[in-house]
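J.: Sending over a structure as structure tokens; questions will come in a sec.
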Amino acid sequence: MRVLALDYGSKRIGLALGDSNLKIAVPLKSLRNHERVFSEIASILEEKGVDILLVGLPLTPSGAEGQRAKEVKDFVEKLKSCLPEHVEVVLWDERYTTQEALRLMEGLSPRKKKELKDSLSAYVILTEYFESL
């Protein structure tokens, strides 16, 4: 099955695409978070033939849901109205994914890090999901 991972941010949303059978993931791109982002995500889901939308849920270090998790859940509720019916939405604990993405970018220029951070965070979410299968 094809899986699209989202790393939600108030300014940018990172995307990564993968195949759950092959357990292969690749960073895709980042989208600006604005009113049209819902239709942009829906178009990508259709274009890529996605079956599962994996959304990173930013829990606190203790595992509780804080304000950021509420923002993500509100975003997901709005997004669901734009999704094709066959797409399953899965929320995934994304604690420490940004730190892992930054570790993967060691040695890159600050400009390149800024460019890749969001999609690499989505990639880390997706690879952790595949490792759990």
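J.: How about the stretch 57-71: which of its residues are open to solvent by less than 60 Å² (accessible area, probe 1.4 Å) and either of a type in the set (Gly, Ala, Ser) or over 17 Å from the mean Cα position of the chain (by Cα) (or both)?
T.: Of everything in the stretch 57-71, those that are open to solvent by less than 60 Å² (accessible area, probe 1.4 Å) and either of a type in the set (Gly, Ala, Ser) or over 17 Å from the mean Cα position of the chain (by Cα) (or both) turn out to be THR60, GLY63, ALA64, GLY66, ALA69.
J.: What about LEU53, is it modelled with pLDDT of 95 or more, farther than 20 Å from SER132 by Cβ, touching an Asp or Glu at 6+ places or on another chain (Cβ under 9 Å) and of a type in the set (A, V, I, L, M, F, W, C)? Don't jump to the end; show me each part of the working.
T.: On the way: modelled with pLDDT of 95 or more: yes; farther than 20 Å from SER132 by Cβ: no; touching an Asp or Glu at 6+ places or on another chain (Cβ under 9 Å): yes; of a type in the set (A, V, I, L, M, F, W, C): yes.
So LEU53 fails the test.
J.: For residues that are without any contact (Cβ under 8 Å) to a residue 40 or more places away in the chain and part of a helix (DSSP H, G or I), scanning just the stretch 72-86, find the one that is most open to solvent (accessible area, probe 1.4 Å).
T.: GLU77
J.: A follow-up question, please. Keeping to the stretch 87-131, report how many residues are open to solvent by 70 Å² or more (accessible area, probe 1.4 Å), assigned to a helix (DSSP H, G or I) and under 20 Å from GLU65 (Cβ atoms).
T.: Of the residues in the stretch 87-131, 1 are open to solvent by 70 Å² or more (accessible area, probe 1.4 Å), assigned to a helix (DSSP H, G or I) and under 20 Å from GLU65 (Cβ atoms).
J.: Now for a separate question. Working only within the stretch 27-56, note down all residues that are open to solvent by 20 Å² or more (accessible area, probe 1.4 Å) and under 9 Å from ALA122 (Cα atoms).
T.: Correct list: PRO27, LEU28.
J.: While we're looking at this one, here's another question. Is there any pair linking a residue in the stretch 33-62 that is under 17 Å from VAL90 (Cα atoms) to one that is among the basic types (Lys, Arg) and in a helix (DSSP H, G or I), with Cβ under 7 Å and at least six apart or on different chains, and which?
T.: Here the result reads PHE38/LYS78; PRO58/ARG68, each pair linking the stretch 33-62 to a residue that is among the basic types (Lys, Arg) and in a helix (DSSP H, G or I).
The values are calculated or read from the model by the stated rules, or taken from the named source; none is laboratory data. Worth saying up front: this structure is predicted, and the values here are computed from it rather than measured. Cβ sites come from the backbone with ideal geometry, for glycine too, and all protein chains shown count toward neighbours. In case anyone asks, the SASA skips ligands and DNA or RNA and just uses the protein heavy atoms, side chains included. Shrake-Rupley method; radii C 1.70, N 1.55, O 1.52, S 1.80 Å.
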